[in-house]
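J.: Right, I'll just put the structure down here and ask away after.
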Amino acid sequence: MTTLRSDVLVLGSSLGGLVAATYLARAGLRTVLIEEDTLAKRPPLLREPFVLSGLEIDGPAHRVFRELALPLIEQRRIAQRSVALQVLLPRARLDIHAGRRDLARELDAFRVCDPDAARAFFDAVDARGDELRARLVDGDAGDSNAPLVQRLRSLGGRNGSAEASLGPMPDGLAPVVSALLAALSRLTPESPPGRDSAMLLRGTREGGFFMPDARTPFLDLFRRRFLTLHGEIRTAGDFALVSERGELGVELPRGRLFARGVVMAAPLELLRRVSTAAGATPRWLAPRTPPVDMPLRLFRAERDSLPVGLAARAVVSPGAPESLHWLARYADPVQEGIEWLLVAGPGAAALPLDQPLGDLNPFPDSGLVPVDLGPAPRWDRDAADHRFLAARSESVLRTKPPAYAVGAELAPGLGFEGELLLARQAALRLAERLGAKRGLP
């Protein structure tokens, strides 16, 4: 059996995995990323996060772009829109505008709540969100002797309610905020909202940022940059985590691959086999949330088959939490007027295949053609088909090489921006421990 060695091994090509891998490759470390073959064959648009936030010029995402030296021509593919999201309630269609004043006016127009109270609420939310943002960027969230994840968790909200994390809401605003948090974090409405819901809402304050069409997913920005830095991507249908003489690696069908450091961007529960070696317990062994499997459907939308006024991203909250779902529209890269419609969330499975828009469209949905997605990813994850680790009695995994976990599994409820920043922080720490050839910020 062939045995190969590298500096870093990254398991999983989710957002966290690609960001961490790109940082490590830029640091001059030989980095190999293992991607599930099923995910690699899926339509590209399914790999794009539902909504991108924190991409304003001075925001943390652009800081990541600068640190990774993403070409400007690549960054220009991201399209900014003043309406980040729509929230579709039974009696209102709310556009979540950039800027507190416009959003307050929108809420007032539909008689949702008092506009002055709404502006004061979002003022407080933005301040709290900015605080957590800064701590994520700096990697310092309190007691410096505690692991980063533990320090972040102490900031509040992980097992509490949205109201406890955000403070009191004006009358009538709770359904809007609940729908937004569920979609932004890709959690069900009854799930805990995460460590700090303010960061999720803060990300919508500058509008929405999306890729222009179905051919160029956001994650490909990092994928292409990773490959230009001589990173290597391998696909596999299955693997086993193994250890040998103090090194940690994976066993693939055609051999073994060991590394001086490992980044876990795939659910630990789905690893087929784990061997142990002497050493300290890795910091990434932490409590997880219960598993959440989000139904996902894809449709090809013929010309004029989607309702006029439906935003590029929308959250549909018809009443019961189990009916909530979200919609994403993507322009076809070749045929003008043709779009792709992604429907995801707890309520997606209950929508009839011949009428996936439900009550949103009073006309027959004859122009929406369902697309067979094929097998779903099992151990790799993307932003649309999101999965959490199943609860079980954890056995202790001890490794001598440093092992870090990244991805939404470790940070449920922090959304796109939190997943990106935690992956950045893990990569910087691992690069330092491995003695990177090139310095990073």
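The values are calculated or read from the model by the stated rules, or taken from the named source; none is laboratory data. In this text, all values refer to a predicted model and were calculated from it rather than measured experimentally. So basically every Cβ, Gly included, is an ideal-geometry build from the backbone, and we count neighbours across all protein chains shown.
Okay, residues lined up against (1) among the polar types (S, T, N, Q); (2) surrounded by 24 or more Cβ atoms within 10 Å (Cβ to Cβ); (3) in contact with an Asp or Glu (Cβ under 6 Å, 6 or more places away or on another chain):
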site	(1), (2), (3)
V10	no, yes, no
L18	no, yes, no
Y23	no, yes, no
A27	no, no, no
T38	yes, no, no
R42	no, no, no
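J.: Report, by residue number, each residue of region 205-264 that is more than 26 Å from the chain's Cα centre (by Cα), assigned to a strand (DSSP E or B) and either among the basic types (K, R) or on the phi > 0 side of the Ramachandran plot (or both).
T.: Within region 205-264, G255, R256, R260 meet the criteria.
J.: Does region 332-344 include one or more residues that are in contact with a Lys or Arg (Cβ under 7 Å, 6 or more places away or on another chain), at pLDDT 75 or above and charged (D, E, K, R)?
T.: As a first pass, look at region 332-344 and keep what is in contact with a Lys or Arg (Cβ under 7 Å, 6 or more places away or on another chain): 333, 337-341, 343.
Within this subset, residues satisfying the condition of being at pLDDT 75 or above are 333, 337-341, 343.
Retained after the next criterion (residues that are charged (D, E, K, R)): 339.
Looking through region 332-344, at least one residue is in contact with a Lys or Arg (Cβ under 7 Å, 6 or more places away or on another chain), at pLDDT 75 or above and charged (D, E, K, R).
J.: So, one more: Restricting to region 54-77, name every residue that is of a type in the set (D, E, K, R) and within 18 Å of the chain's Cα centre (by Cα). Even if it seems obvious, please write down each step before you answer.
T.: Step one: filter region 54-77 for residues of a type in the set (D, E, K, R), giving 56, 58, 63, 66-67, 74, 76-77.
Across region 54-77, the qualifying residues are E56, R63.
J.: Consider only pairs whose beta carbons are under 9 Å apart and that are at least six residues apart or on different chains; among these, list those whose first residue lies in region 358-379 and is under 21 Å from S323 (Cβ atoms) and whose second residue is at pLDDT 85 or above and among the aromatic types (F, W, Y).
T.: Partner pairs satisfying both residue conditions: D365/F299; L368/F299; P370/F299.
J.: Hey, among P321, P253, which residue is modelled with pLDDT of 70 or more and within 30 Å of D354 (Cα to Cα)? Walk me through how you get there before you give the answer.
T.: Numbers: P253 fails: within 30 Å of D354 (Cα to Cα).
Answer to the selection: P321.
J.: Do we find a residue being in contact with a Pro (Cβ under 6 Å, 6 or more places away or on another chain) and modelled with pLDDT of 90 or more anywhere in region 53-64? Let's see the steps before the verdict.
T.: Filtering region 53-64 down to residues in contact with a Pro (Cβ under 6 Å, 6 or more places away or on another chain) leaves 54.
Keeping just the survivors that are modelled with pLDDT of 90 or more gives none.
Looking through region 53-64, none of the residues is in contact with a Pro (Cβ under 6 Å, 6 or more places away or on another chain) and modelled with pLDDT of 90 or more.
J.: For region 339-359, which positions are aliphatic (A, V, I, L, M) and touching a strand residue (DSSP E or B) at 6+ places or on another chain (Cβ under 7 Å)?
T.: As a first pass, look at region 339-359 and keep what is aliphatic (A, V, I, L, M): 341-344, 348-351, 353, 357.
Result: L341, L342, V343, A344, A348, L351, L353.
J.: Within region 61-94, which residues are in contact (Cβ under 8 Å) with a residue 60 or more places away in the chain and of a type in the set (K, R)?
T.: Result: R63, R77, R81, R93.
J.: From the residues in region 322-345 that are of a type outside the set (D, E, K, R) and assigned to a loop (DSSP other than H, G, I, E, B), which one is surrounded by the fewest Cβ atoms within 10 Å (Cβ to Cβ)?
T.: Of region 322-345, the ones of a type outside the set (D, E, K, R) are 323-328, 330-331, 333-335, 337-338, 340-345.
This time we only want the ones that are assigned to a loop (DSSP other than H, G, I, E, B), so: 324, 333-335, 337-338, 345.
Values: L324: 22, P333: 14, V334: 9, Q335: 11, G337: 11, I338: 16, G345: 26.
Per the stated criteria, the residue is V334.
J.: Shifting gears a bit: Among E67, E56, which is surrounded by fewer than 19 Cβ atoms within 10 Å (Cβ to Cβ) and in a loop (DSSP other than H, G, I, E, B)? Give the steps one after another, and end with the answer.
T.: On the way: E67 fails: in a loop (DSSP other than H, G, I, E, B).
None of the other options fit; the residue is E56.
J.: Keeping to region 83-103, report how many residues are outside any strand (DSSP E or B), among the small types (G, A, S) and within 23 Å of V316 (Cβ to Cβ). Write out each step before concluding.
T.: Residues of region 83-103 outside any strand (DSSP E or B): 90-91, 98-103.
Restricting the remaining residues to those that are among the small types (G, A, S) gives 98-99.
This time we only want the ones that are within 23 Å of V316 (Cβ to Cβ), so: 98.
Number satisfying all stated conditions: 1.
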